[in-house]
1. For SER37, are the conditions met, namely being over 19 Å from GLY126 (Cα atoms) and either part of a helix (DSSP H, G or I) or of a type in the set (D, E, K, R) (or both)?
2. Only one residue in PRO195, PRO178 is touching a residue at least 60 places away in the same chain (Cβ under 8 Å) and surrounded by fewer than 14 Cβ atoms within 10 Å (Cβ to Cβ), so which one is that?
3. Does segment 43-91 hold any residues that are surrounded by fewer than 15 Cβ atoms within 10 Å (Cβ to Cβ) and in a loop (DSSP other than H, G, I, E, B), and which are they?
4. Considering each residue of segment 122-143, count those that are open to solvent by 10 Å² or more (accessible area, probe 1.4 Å) and among the small types (Gly, Ala, Ser), and give that number.
5. Any residue at all in segment 163-172 that's surrounded by fewer than 16 Cβ atoms within 10 Å (Cβ to Cβ), assigned to a helix (DSSP H, G or I) and either of a type in the set (Lys, Arg) or in contact with a Lys or Arg (Cβ under 7 Å, 6 or more places away or on another chain) (or both)?
6. Considering each residue of segment 99-119, count those that are open to solvent by 30 Å² or more (accessible area, probe 1.4 Å), touching a residue at least 40 places away in the same chain (Cβ under 8 Å) and either under 28 Å from ILE1 (Cβ atoms) or in a helix (DSSP H, G or I) (or both), and give that number.
7. Is there any pair with a first residue in segment 1-13 that is within 10 Å of LEU148 (Cβ to Cβ) and a second that is among the aromatic types (Phe, Trp, Tyr) and modelled with pLDDT of 95 or more whose Cβ atoms are under 6 Å apart and which are 6 or more apart or on different chains, and what are they?
8. Could you look through segment 2-34, keep only residues that are part of a helix (DSSP H, G or I) and hydroxyl-bearing (Ser, Thr, Tyr), and pick out the one that is nearest to GLY126 (Cα to Cα)?
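The values are calculated or read from the model by the stated rules, or taken from the named source; none is laboratory data. What you are looking at is a predicted structure, and each value in this text was computed from that prediction instead of being measured. When we count neighbours, we look across all protein chains shown, and the Cβ atoms used for this are built from the backbone with ideal geometry, even at glycine. Surface areas here come from the heavy atoms of the whole protein model, side chains and all, with no ligands, DNA or RNA. Shrake-Rupley method; radii C 1.70, N 1.55, O 1.52, S 1.80 Å.
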Amino acid sequence: IILFLLAIPLTISAQMFGSALSSIWMDFLSLFPDFYSQLLEIQKLMDDMMAQLVKIETPFELFIMLIGVALIPAITEEFFFRGFLFTNIERSGEYLKTAMAVMLTSLAFGASHMSPFNLPGLALLGALFAWMMVTSGTIYVGMFAHFLNNALIVVILYIFQNDKQLSESLTGSTSIPPEQSLPILFISAGALYWPAKVFDKRAKQ
């Protein structure tokens, strides 16, 4: 139970860290205007699709979204990426098998969402879920964290459904100015460290 509770601050901190990281990634990509404009078209398409998908106006729609956007992806994606794919990569490697499996499955997890600007943040979450599985010895802690991450977004979208700016930031790829993204990066990294340390200690007991 302790590990599941610790997954809450870990997931929230990782989401903040990932958002700041993705924003820095967008700033970097903007240095290559032609390439950036091509990625922008893909990202806009994905953002528009996501905005339409998660329009939540009633409690019934909230329930459906929690099932379809939070619960089902948490189960299916964790079994595929951290179960099937991770296990097979780990078995096939000779050196640094676990580290390589974490890295490759996290990148695959991020890429599967087809969101070029959010790739670093998504890959970071994938790495967190993989680390939770490796450390705890069970896939279910990461699955809970995955569900929590998606469910929080769905619930916030429902509560603040009239806040267009907030909705766009949660379903799209909003760039944070560097003077804000860098402090968020360091603060969230610090917020990640302590629960991760306790998680690791508890998992080894």
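1. On the way: over 19 Å from GLY126 (Cα atoms): yes; either part of a helix (DSSP H, G or I) or of a type in the set (D, E, K, R) (or both): yes.
Here the answer is yes, as SER37 does meet what is asked.
2. Details: PRO195 fails: surrounded by fewer than 14 Cβ atoms within 10 Å (Cβ to Cβ).
After applying the criteria, what remains is PRO178.
3. Within segment 43-91, LYS55, GLU57, THR58 meet the criteria.
4. Summing the residues that are open to solvent by 10 Å² or more (accessible area, probe 1.4 Å) and among the small types (Gly, Ala, Ser) in segment 122-143 gives 4.
5. Here is the first cut: in segment 163-172, the ones surrounded by fewer than 16 Cβ atoms within 10 Å (Cβ to Cβ) are 163-166, 168-169.
Restricting the remaining residues to those that are assigned to a helix (DSSP H, G or I) gives 164-166, 168-169.
In the following step, the residues that additionally are either of a type in the set (Lys, Arg) or in contact with a Lys or Arg (Cβ under 7 Å, 6 or more places away or on another chain) (or both) were identified as 164.
There is at least one residue in segment 163-172 that is surrounded by fewer than 16 Cβ atoms within 10 Å (Cβ to Cβ), assigned to a helix (DSSP H, G or I) and either of a type in the set (Lys, Arg) or in contact with a Lys or Arg (Cβ under 7 Å, 6 or more places away or on another chain) (or both).
6. Of the residues in segment 99-119, 2 are open to solvent by 30 Å² or more (accessible area, probe 1.4 Å), touching a residue at least 40 places away in the same chain (Cβ under 8 Å) and either under 28 Å from ILE1 (Cβ atoms) or in a helix (DSSP H, G or I) (or both).
7. Going by the 6 Å Cβ cut-off, the qualifying pairs are PHE4/PHE144; ALA7/PHE144.
8. Kept after step one, since they are part of a helix (DSSP H, G or I), are these residues of segment 2-34: 2-29, 33-34.
If we keep only those that are hydroxyl-bearing (Ser, Thr, Tyr) too, we end up with 11, 13, 19, 22-23.
Values: THR11: 11, SER13: 14, SER19: 14, SER22: 14, SER23: 18 Å.
Taking the candidates together, the pick is THR11.
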